[in-house]
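The values are calculated or read from the model by the stated rules, or taken from the named source; none is laboratory data. Being a predicted model, the structure only gives us computed values, none of them experimental. Note that each Cβ is placed from the backbone with ideal geometry, even for glycine, and that neighbours are counted across all protein chains shown.
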Amino acid sequence: MAQFVGLLAATALLLLAGETAPPAAALSLGLAAGVSGAFGIGCFYLALSRGTMGLVAPLASLLGAAWPAVLILLTGGGIAPPGIVGMLAALGAIVLISLPDRRLGTPIMPTYHGSRTSEWLLIIGAALGFGGFFLLIDASHARGGDVWWPLFMVKVGGVSAVVAAALLARWRGRLPVMRSGRAAVIIGCIAGIGDLGGNLFFVLASGEGELATVIVLSSLSPVVTALLARAVLHERLGPVRVAGVALAIAGVVLLTLPA
């Protein structure tokens, strides 16, 4: 639902912007970015459905930001030492803010449910999908894609991946029964628009700063979620999450220091 809503919104914005079509290479990379992102989200949701949120959320975010950032640094990305320290702090904050708060008699680390091998394969799949999206959408932008054409192709790729997965599930006889009420439709629309907005701001940010820095900062969503839960739902932030927020703030400060 969210992918289809995002595609409709991206199509409307592209028509309104009247942006000139970029080279075929930029379009192809945008399409690949959409497929990669949809694959990552699929692995992520499948892992969450197995009851290991405390393990999946921090590791998928951490690995999904870490491997493309390290790759960029190894291939000549110019990040000053304070920025590297800030990246490590931000990545550590992702883990801390996603862990359950420790209470008396409970372990601080989440436990596994089901097959460890399948859990790790899904986490790695999610990380590869997320990181691949970051790198491919930036490559599309670098090959001549401005803003709206790459985003439109991302949504085309995402919808194509969802349709292909649904057809495969139907062929294997595992297509779930869909029950869509009004609330589900509203949530799907909000999720689709929110996802498109996140993609848009990533494209705009990657054109303004170092890609590795943008990737790490874009992966701090667990921190934002925790702060919103505290402000809107009045949820208490325990010592683990407070430490994660503090580490995130320190990381952001270091990442934004001039080289």
Exercise for the section: Have a look at Ala165, Ala169 and point out the one that is modelled with pLDDT under 85 and in contact with a Gly (Cβ under 9 Å, 6 or more places away or on another chain). Expected result: Ala165
Practice task
Scan (1) modelled with pLDDT of 85 or more; (2) over 28 Å from Thr213 (Cβ atoms); (3) hydroxyl-bearing (Ser, Thr, Tyr) for the single condition Ser36 breaks and write down its number.
Solution key: (2)
Exercise for the section: Return yes when Thr52 is over 23 Å from Leu228 (Cα atoms), modelled with pLDDT under 75 and either surrounded by 22 or more Cβ atoms within 10 Å (Cβ to Cβ) or of a type in the set (Ser, Thr, Tyr) (or both) and no when it is not. Expected result: no
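Based on this model, can you work out whether Arg102 counts as closer than 23 Å to Leu48 by Cβ, in contact with a helix residue (DSSP H, G or I) (Cβ under 7 Å, 6 or more places away or on another chain), at pLDDT below 75 and basic (Lys, Arg)?
Details: closer than 23 Å to Leu48 by Cβ: yes; in contact with a helix residue (DSSP H, G or I) (Cβ under 7 Å, 6 or more places away or on another chain): yes; at pLDDT below 75: yes; basic (Lys, Arg): yes.
So Arg102 fits the description; yes.
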Fill in the blank from the handout: Per the filter on the range 189-246, residues in a loop (DSSP other than H, G, I, E, B) and hydroxyl-bearing (Ser, Thr, Tyr) are Ser219
Problem - Counted residues, the range 206-252 - those being surrounded by fewer than 16 Cβ atoms within 10 Å (Cβ to Cβ) and under 18 Å from Leu73 (Cα atoms) - result: 3
Exercise for the section: Could you please find all residues in the range 189-220 being of a type in the set (Ser, Thr, Tyr) and in contact with a Ser or Thr (Cβ under 8 Å, 6 or more places away or on another chain)? Expected result: Ser219
Exercise for the section: Being in contact with a Gly (Cβ under 6 Å, 6 or more places away or on another chain) and within 14 Å of Trp148 (Cα to Cα) is the filter; apply it to the range 1-29 and report the residue that is surrounded by the fewest Cβ atoms within 10 Å (Cβ to Cβ). Expected result: Pro23
Exercise for the section: Show the residue pairs that are 6+ apart or on different chains and have beta-carbon atoms under 8 Å apart, the first residue being within the range 36-51 and under 14 Å from Leu121 (Cα atoms), the second being modelled with pLDDT under 90 and not in a helix (DSSP H, G or I). Expected result: Arg50/His113; Arg50/Gly114
